[in-house]
Amino acid sequence: MWRARFARMTPDPRAVTRALVRWFKRAQRDLPWRRTRDPYAIWVSEIMLQQTRVEAVVPHYERFLARFPSVHALADAHADDVLHAWSGLGYYRRARQLHAAAALVVREHAGTLPADEPALRALPGIGRYTAGAIRSIAFGEPAPIVDGNVARVLSRVYALRGAHGEARREKRLWELATALVPARDPSAFNQGLMELGATVCVPRAPRCDTCPLAALCVAHARGREEAFPPPKPRAAPARVAQWAIVRVRARDGAVLMRRRGKDEVNAGQWEVPLTAPGAGAPRGAQRVGAVRHGILKTAYKVEAFVARANAAPRGSRWIAADERVRLPLTTLTRKLLKLLPGGA
Ligand code: SF4
């Protein structure tokens with residue numbers, strides 16, 4: 001039905017599909033997840049790519065798969081090992097959901113990732129976009145995908161009105177992606193859309209002179225590429241000042257840490273506790289520097305102090321140097337530990 005509706009549109013959906021698939025086959029970057037058809041490996045790559053750039057994902061992806069080469073290996077792993085393997089990728093909720101989903105796949109699907117949309121979307125961490133990516137790339141199903149890159153490309157090619165997050169625009173984008181995705185080679189088409197958005201049809205100064213869709217693109221014909229979609233209004237990050245009192249046990253250099261609770265950001269990770277500026281610094285605490293750290297829309301400036309201590313208050317534990325290598329620590333805590341003598 002959508003095909004019929006969009007067939008009247010300019011540019012012709014078939015011409016767009018053909019040009020994009022041909023270009024992708026010729027110009028795609030060699031990425032490790034493009035060398036496999038293993039649905040588990042493709043699933044892991046899609047989860048890692050959700051909020052992280054391709055270049056940052058590559059080394060993590062290879063290490064993660066070497067450590068957990070199958071759904072079974074991941075399902076059997078200890079949560080701490082999964083979080084540790086995810087260290088450096090951020091947005092740890094993705095790792096916890098992937099781990100929980102692997103257990104469900106083993107329990108309910110005999111260890112084989114399902115190919116149908118409702119079953120995929122019933123798994124933690126798999127939404128409409130990720131389900132479409134897995135179905136098209138791993139199973140060759142003509143399932144649509146829309147993410148930020150795809151939305152930008154389609155908005156420009158079809159000069160779609162509407163700003164980021166507008167419900168009507170979202171609906172149009174999904175309809176359009178559904179109409180465009182071909183029964184033959186949906187994987188190359190979807191990956192081509194993502195690749196074009198990541199490497200050619202970039203947010204600022206798109207490289208239209210090398211674009212396979214240049215002859216078809218309405219925004220380009222009008223010379224108004226960057227007007228689609230209209231730029232997002234950006235809020236300045238909130239600035240928060242905090243103190244970290246790094247308590248070090250005199251006899252062995254162990255550091256006092258707490259584990260973040262289930263409902264907190266970075267749940268399950270270990271951290272040096274933070275306080276409001278001026279609160280909780282014991283006598284003799286020595287300032288060792290400050291670190292800056294951004295989480296979501298907040299920019300933290302944390303002044304770090306070191307104090308000698310022996311007693312561990314309730315809810316915290318001494319973590320020795322060798323454990324600090326193995327346990328999942330928050331990125332902020334890793335930065336703070338680097339300020340200690342010896343960069344521990
Ligand atoms: S012609 Fe330019 S604006 Fe249009 S899809 Fe290609 S890169 Fe994007």
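Within region 203-256, the set of residues being acidic (D, E) and more than 16 Å from the ligand (Cβ to nearest atom) comprises D252 only.
The residues of region 236-291 that are farther than 19 Å from A321 by Cβ and among the charged types (D, E, K, R), listed by number, are R239, R260, K262, D263, E264, R283, R287. Is it the case that some residue within region 213-232 is surrounded by 14 or more Cβ atoms within 10 Å (Cβ to Cβ), within 16 Å of R26 (Cα to Cα) and assigned by TED's automatic domain parsing to the domain that holds L20? Looking for residues that are surrounded by 14 or more Cβ atoms within 10 Å (Cβ to Cβ), within 16 Å of R26 (Cα to Cα) and assigned by TED's automatic domain parsing to the domain that holds L20, one finds at least one in region 213-232, hence yes. Among the criteria (1) surrounded by 13 or more Cβ atoms within 10 Å (Cβ to Cβ); (2) under 18 Å from G90 (Cα atoms), the one L296 does not fulfil is (1). Of the helices (runs of 4 or more DSSP H) lying entirely inside region 1-107, those carrying at least 2 residues that are closer than 19 Å to A198 by Cβ, touching a residue at least 60 places away in the same chain (Cβ under 8 Å) and of a type in the set (G, A, S) are 13-27. Applying the criterion of being of a type in the set (S, T, Y) and away from the ligand (no atom under 14 Å from the Cβ) to the residues of region 169-202, the residue that is surrounded by the fewest Cβ atoms within 10 Å (Cβ to Cβ) is T178.
The sole residue among T52, T36 that is of a type in the set (V, I, T) and farther than 30 Å from C217 by Cβ is T36.
For region 137-168, a residue qualifies if it is away from the ligand (no atom under 15 Å from the Cβ), part of a helix (DSSP H, G or I) and surrounded by fewer than 24 Cβ atoms within 10 Å (Cβ to Cβ), and the qualifying residues are A138, F139, A167, R168. Residues that are touching a Gly at 6+ places or on another chain (Cβ under 6 Å) and crowded, with 19+ Cβ neighbours inside 10 Å occur at least once in region 302-320. The single residue among A304, A254, A235 that is farther than 20 Å from A79 by Cβ and at pLDDT below 85 turns out to be A235. Residue pairs whose Cβ atoms lie under 6 Å apart, separated by 6 or more positions or on different chains, with the first residue in region 262-289 and within 19 Å of P313 (Cα to Cα) and polar (S, T, N, Q) and the second surrounded by 12 or more Cβ atoms within 10 Å (Cβ to Cβ) and modelled with pLDDT of 85 or more, are Q269/R260; Q269/P328; Q269/T330; T275/W243.
The values are calculated or read from the model by the stated rules, or taken from the named source; none is laboratory data. Remember, predicted model here, so these are calculated numbers, not experimental data. Positions of Cβ are generated from backbone atoms using ideal geometry, with glycine treated the same way; all protein chains shown enter the neighbour counts.
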